[in-house]
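Student: What follows is a structure written as structure tokens; I'll ask about it next.
The values are calculated or read from the model by the stated rules, or taken from the named source; none is laboratory data. Keep in mind that what you see is a predicted model, and the values were worked out from it rather than measured. In this analysis, Cβ positions are derived from the backbone assuming ideal geometry, glycine residues included, and neighbour counts consider all displayed protein chains.
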Amino acid sequence: MPKTIKRVLITGGAGFLGSHLCDRYFEEGYDVICMDNLSTGAAENIEHLFGKDRFTFVKHDVTQYIHVSGEVDLVLHFASPASPIDYLEMPIQTLKVGSLGTHKALGLAMEKDARFLLASTSEVYGDPKTHPQSETYWGNVNPIGDRGVYDEAKRFGEAMTMAYHRYHGVETRIARIFNTYGPRMRLRDGRALPTFLRQALNGVDLTVYGDGSQTRSFCYVDDLIEGIYRLSQSEYIQPVNLGNPDEISIKEFAEEIIEFTDSDSGITFEELPKDDPQVRQPDITRAKELLDWQPTYSRRDGLEATIGYFRQELGLGQDN
């Protein structure tokens, strides 16, 4: 019989995805421990939970020994810089949280006999040679490139997670997360979607790298959180892709953002960053079959909610 999970530790819980996970597990009736050093997370993302009986915030660097009193049933390891602007500015911290942080979080899970879920990423596929990307693909990553600090940190995290499962018998789950967006994204995190929204809403030209033919697949945060929750409750050990297969080129996406925001912005083109993936699209067959999960939000619906959040954060009225 699967054990009943009642107390969850979420590392990186003040971040974009982590804070939404805090909300979801709190709503499901769990005691939630949010752990974050606030290097890229923000207390504002979780302040609505402060003072609630079943919520605890612990400011801590997960690359250091993790101590939690009492029982813990589930550990969600989401601590990590997750955007290029972050991991290019904090390369060593990124490597440490993916290696030492994963090690410490797994150590706690083993100590508490807790289930462990790793937030991995589609970046483990690198600049893929197969399309779409399924979990059986081993990837095409430049380990010494600028992006390698993030890609290899996550690949190491997956290897460490499986080692703890095989050697120590820890119950582990691995989520390979594709591009996700929604409220609580940082306006200046360097990724295409928040950059495009900020530029369009401010009426400046959108910056597209290369010729814009490279593709991405964007998943709304509520869909992603549902997938994470279902995976955490499942009995499946191997990695599971979670993302929206609705693929679009970056140039088309920029044009879509301009349309959805009713902006007068144009598009300017700049040199493509090194090792930037040319395609990105999840094969979610495994998630459909094992979790009965697939995205339900259209990109238009998800973007409408996200645009509203960005307008508020930028101090713009709904009609600006």
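Student: Could you tell me which numbered condition residue 53 fails, if it satisfies all but one of (1) crowded, with 19+ Cβ neighbours inside 10 Å; (2) over 25 Å from residue 154 (Cβ atoms)?
Tutor: So the condition that residue 53 fails would be (1).
Student: Still on this structure, please answer the following. Any chance you could count how many residues in the range 218-272 are assigned to a helix (DSSP H, G or I), of a type in the set (Ser, Thr, Tyr) and not assigned by TED's automatic domain parsing to the domain that holds residue 160?
Tutor: Looking only at the range 218-272, we keep the residues that are assigned to a helix (DSSP H, G or I), and these are 221-233, 250-261.
When the remaining residues are screened for being of a type in the set (Ser, Thr, Tyr), the result is 229, 232, 261.
Right, trim to not assigned by TED's automatic domain parsing to the domain that holds residue 160 and you get 261.
Adding up the residues that qualify gives 1.
Student: Would you call residue 302 among the small types (Gly, Ala, Ser) and either without any contact (Cβ under 8 Å) to a residue 40 or more places away in the chain or crowded, with 21+ Cβ neighbours inside 10 Å (or both)? It would help to see each step written out before you state the result.
Tutor: Details: among the small types (Gly, Ala, Ser): yes; either without any contact (Cβ under 8 Å) to a residue 40 or more places away in the chain or crowded, with 21+ Cβ neighbours inside 10 Å (or both): yes.
Considered against the rule, which asks whether it is among the small types (Gly, Ala, Ser) and either without any contact (Cβ under 8 Å) to a residue 40 or more places away in the chain or crowded, with 21+ Cβ neighbours inside 10 Å (or both), residue 302 comes out as yes.
Okay, residues lined up against (1) among the β-branched types (Val, Ile, Thr); (2) in contact (Cβ under 8 Å) with a residue 12 or more places away in the chain:
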| position | (1), (2) |
| --- | --- |
| 128 | no, yes |
| 157 | no, yes |
| 163 | no, no |
| 166 | no, no |
| 171 | no, yes |
| 174 | yes, yes |
| 205 | no, yes |
| 208 | yes, yes |
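Student: Tally time: how many residues in the range 113-129 are touching a strand residue (DSSP E or B) at 6+ places or on another chain (Cβ under 9 Å) and part of a loop (DSSP other than H, G, I, E, B)?
Tutor: 4
Student: Now for a separate question. Within the range 70-81, can one find any residue that is farther than 19 Å from residue 32 by Cβ, in the same structural domain as residue 36 (by TED's automatic domain parsing), at pLDDT below 95 and under 14 Å from the mean Cα position of the chain (by Cα)?
Tutor: Yes.
Student: Does residue 26 satisfy being free of Cβ contacts under 8 Å to residues at least 60 places away in the same chain and either of a type in the set (A, V, I, L, M, F, W, C) or under 29 Å from residue 143 (Cα atoms) (or both)?
Tutor: Numbers: free of Cβ contacts under 8 Å to residues at least 60 places away in the same chain: yes; either of a type in the set (A, V, I, L, M, F, W, C) or under 29 Å from residue 143 (Cα atoms) (or both): yes.
Yes: the conditions hold for residue 26.
Student: Here's something else I'd like to know. Would you confirm, using the coordinates I've provided, whether residue 220 is closer than 26 Å to residue 130 by Cα, among the hydroxyl-bearing types (Ser, Thr, Tyr), at pLDDT 95 or above and surrounded by fewer than 17 Cβ atoms within 10 Å (Cβ to Cβ)?
Tutor: On the way: closer than 26 Å to residue 130 by Cα: yes; among the hydroxyl-bearing types (Ser, Thr, Tyr): yes; at pLDDT 95 or above: yes; surrounded by fewer than 17 Cβ atoms within 10 Å (Cβ to Cβ): no.
Taking the combined requirement at face value, the residue does not satisfy it.
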